[in-house]
Amino acid sequence: MPDPAERSFDAVVVGAGFAGLYMLHRLRRQGMDVRVFEAGGGVGGTWYWNRYPGARCDIPSMEYSYQFSDALQQDWEWTERYASQPEILEYANHVAERFELLPHIRFHTRVTAARYDESERRWQVALDSGDTVTARYLVMATGCLSVPNVPRMAGLDPEADNVYHTGRWPHDGVDFTGKRVAVIGTGSSAIQSLPLIAEQAAQVTVFQRTPNYSVPAHNARLDPDYVADLKSRYRAFRARNWQRGFGADFRDSDRSALEVDEAERLAEYEDRWARGGLAFLAAFNDLPFSDAANATAQVFIRGKIREAVNDPEVAARLIPHTPVGCKRLCVDTNYYQTFNLPHVRLVDVTEEPIEAVVAEGVRTTADTYPADCLVLATGFDAMTGAVTRIDLRGRKGQTLKDKWQAGPRAYLGLATAGFPNLFLVTGPGSPSVLSNMLPSIEQHVGWIADCIEYMQSKQFTAIEASPDAEEAWVDHVNAVADLSIYPKCNSWYLGSNVEGKKRVFMPYLGVPPYLEKCAEVVANDYQGFRLSSRG
Ligand code: NA7
């Protein structure tokens, strides 16, 4: 049992990723007694767990970092255009040490349940150690991509020594030299890891359910002159990008793909392809909204896949038929080209479904593919999984899992009606994964910290989203999504990658209006929230 003094906090934060670290820092700066509980053995969240070969951020490193400390952003030196997982983890550790956060984090401790005590107006938080602590505020900094999605397959033992989920990669790495490897999934994790796994393995069989579009990363060492120039105007540069959701690299366009002629359109796509990265999606302003505009980008990438892959039959199987960006666009280094290697083959499980994982490898309806080890690149129970797996009970004992059964409901993605003093960092209904996560985390953490400070200054003891405001916001999130291509294919944005999960679009599309709305809510004394004092 913890020391009695250790049982009661002003705030408990769940998770020590980038959201949890900054939340801890902010609340401590406000003089609060805070404890972070983290299931992992270190800080970094998704970057702590996703240690698979090739794991790398798809946002440029000069913009995938905190902005709250000028000294920090001036001191830290990124080495590559897109930072690798080890470098991002090193950064997270640096932040934790620099701001003296580690003594306030309890590692290897999972929050299993939390119950709101209405009479005390405090959360009772149960830990897997068997201890219970209490706090006025509970902040879920649990990440959008933190609960692995493990497929149900006959014969599959996800805990077996030769089975590796990309989101739970062994810390010592895996040596695939001379091994026959089966990779299940063709999302970003597979797309990043396959070329490196194939460099080592004797044979790789990739099991694809849905092909994905991927654009080249063109990753490279950062040019010191470029870094020096950016740092000389870093604060303004980042502040401006924050307002837009993505950074300068994105080069937003104000043109429709349909208002230019074919030559101009191709030139734009070629230019973006040559520069690499997610900015491909911003080539024209209607790619996320117009089927006809999006179709032009589809044709372009399909051509690039045909150019990259020697065997036309393999190329045909790798070509997606969904809108570009509908599933998150991937960013790769030699993904399609890897299928030209003689020891790499592609199996389409829509043609020959997997029947079972067997001792020899993976058996489909057509064949058995030998494998010594299995890589599950099968993604995550995104956005809601980490929150709903905790037995969270709000007023009148209502569970969050029940409340969100038909899809997540949260006001601004920050709070949910019936659960006072509970905050979500980058929760469903906020831009989160459709923005640069780091600024979005900072914006949410700042909003929550300011809100708590406001409550204390006014002596409020509880804050709760009103059901009406929440409903209006959820309707708005859906209405905006329905204007876009996003609901037109199955993706983790919709939860449709997880068996039995309700198909609902979860992030909010549009950073600038979202920032305005959050500011407006504050300016109007937390409009849409009910604030109350005891008695
Ligand atoms: P993703 O993008 O969700 O990809 C998971 C892949 O695994 C995807 O191709 C899935 O096919 C496939 N999958 C999942 N379950 C199965 C089963 N049962 N059988 C065959 N294939 C399956 O996860 P990632 O980890 O790659 O990337 C997540 C995000 O992390 C990424 O978007 C970046 O933002 C960083 P499906 O498409 O569902 O048919």
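Rounded to the nearest 5, the antiparallel percentage of DSSP beta bridges internal to the chain is 40%. Once the chain from H476 to T112 is taken as fully extended at 0.36 nm per residue, the excess over their C-alpha distance is 127.8 nm. Helix-only arithmetic for the chain: the sum of -39500 (n - 2.57) across DSSP H runs with n ≥ 4, divided by the residue total, places the mean residue ellipticity at 222 nm at -9500 deg cm²/dmol. The overall shape of segment 71-208, judged from the alpha-carbon gyration tensor, is oblate: a/c is not under 1.5, and a/b is no greater than b/c.
Going through the DSSP H helices of the chain, which span 27 Å or more along their own axis at the Cα atoms while scoring at least -1.0 as a mean Kyte-Doolittle hydropathy? Flagged H segments are 437-458.
Just the protein heavy atoms count here, and of the accessible area of segment 354-440 at 1.4 Å, carbon and sulfur take up 46 percent. Strictly over 19 Å apart at the Cα level, which of K231/K517; K401/K501; K327/K488; K396/K502; K327/K501; K327/K517 would you flag in this model? Result: K231/K517; K396/K502; K327/K517 exceed 19 Å. Cβ-Cβ distance of T368 and E90, R₀ of 51 Å, FRET efficiency by 1/(1 + (r/R0)^6): the value works out to about 0.75. Residue separation of E360 and Q243 scaled by 0.36 nm, minus their Cα-Cα distance, works out to 36.8 nm of gained length.
Which of the three applies to segment 455-535, rounded, prolate or oblate, going by the alpha-carbon gyration tensor with a ≥ b ≥ c and a/c under 1.5 meaning rounded?
prolate
Suppose all protein chains stay in the model; what accessible area per residue would a 1.4 Å probe give for segment 1-130, in Å²? Intermediate results must be reported in sequence, preceding the final value.
Values: 4860 Å² over 130 residues.
Each residue of segment 1-130 exposes 37 Å² on average to a 1.4 Å probe.
Calculated FRET efficiency, A292 to A236, Cβ-Cβ distance, R0 = 51 Å: about 0.85 to the nearest 0.05. Pop out the carbon and sulfur fraction of the accessible area of segment 1-156 as a percent, whole number, probe 1.4 Å. Roughly 46 percent of what the probe reaches on segment 1-156 is carbon or sulfur. Per residue, segment 184-262 exposes 47 Å² of solvent-accessible protein surface, assessed with a 1.4 angstrom probe and all protein chains in place. Relative protection proxy for 520-530, 469-479, from highest mean packing down: 469-479, 520-530 (other beta-carbon atoms within 10 angstrom). All other residues whose Cβ lies under 14 angstrom from that of D286 are scored, Lys and Arg at +1 and Asp and Glu at -1, for a net of -3. Any idea what log10 I(q)/I(0) is at q = 0.13 Å⁻¹ for the chain, Debye with uniform C-alpha scatterers and no solvent? For the chain at q = 0.13 Å⁻¹, log10 I(q)/I(0) is -1.40. Placing a label point 7 Å from the Cα of R29 along the Cα-to-Cβ direction, the residues of segment 64-86 with a backbone N closer than 14 Å are 66-73.
Element breakdown for segment 214-345 at a 1.4 angstrom probe: carbon and sulfur atoms account for 53% of the accessible area. Model label sites at H171 and D252, defined 7 Å from Cα along the beta-carbon direction, differ in position by 4.2 nm.
Can you give the Kirkwood hydrodynamic radius for segment 141-229, in Å, rounded to one decimal and based on Cα pairs?
Over segment 141-229, the inverse of the mean reciprocal pair distance is 15.7 Å.
For the peptides 6-13, 481-488, 110-117, residues were scored by their other Cβ atoms within 10 Å and the scores averaged per peptide; the highest-first order is 6-13, 110-117, 481-488. Annotation: extensible slack from A160 through R530 equals 128.3 nm (criterion: 0.36 nm per residue apart, minus Cα-Cα distance).
Annotation: amide H of S430 within the under-5 Å range of Y508, sequence separation 5 or more or interchain, hydrogens built in the peptide plane.
Across segment 60-100, the residues whose backbone nitrogen lies under 15 Å from the label position 7 Å along the beta-carbon direction of E453 are 68-69. The 3J(HN,Hα) values that the Karplus relation (6.51, -1.76, 1.60; θ = phi - 60°) gives for segment 278-288 are, in residue order, 5, 4, 3, 5, 9, 4, 9, 6, 10, 4, x Hz. Gly and Pro appear as x. Projected label points at D311 and D70, each 7 Å from Cα along the beta carbon direction, are separated by 5.8 nanometres. Of all aspartates and glutamates in the structure, those lying under 12 Å Cα to Cα from K304, and not within fewer than 8 positions of it along the same chain, are E270. Scoring 283-292, 489-498 by mean Cβ neighbours within 10 Å over their residues and listing the highest first yields 489-498, 283-292.
The values are calculated or read from the model by the stated rules, or taken from the named source; none is laboratory data. Computed from a prediction, not measured in an experiment: that's the story for all the values here. Glycine also receives a Cβ, built like all others from the backbone with ideal geometry; neighbour counts cover every protein chain displayed. Side chains included, ligands, DNA and RNA excluded: accessible areas come from the protein's heavy atoms. Shrake-Rupley method; radii C 1.70, N 1.55, O 1.52, S 1.80 Å.
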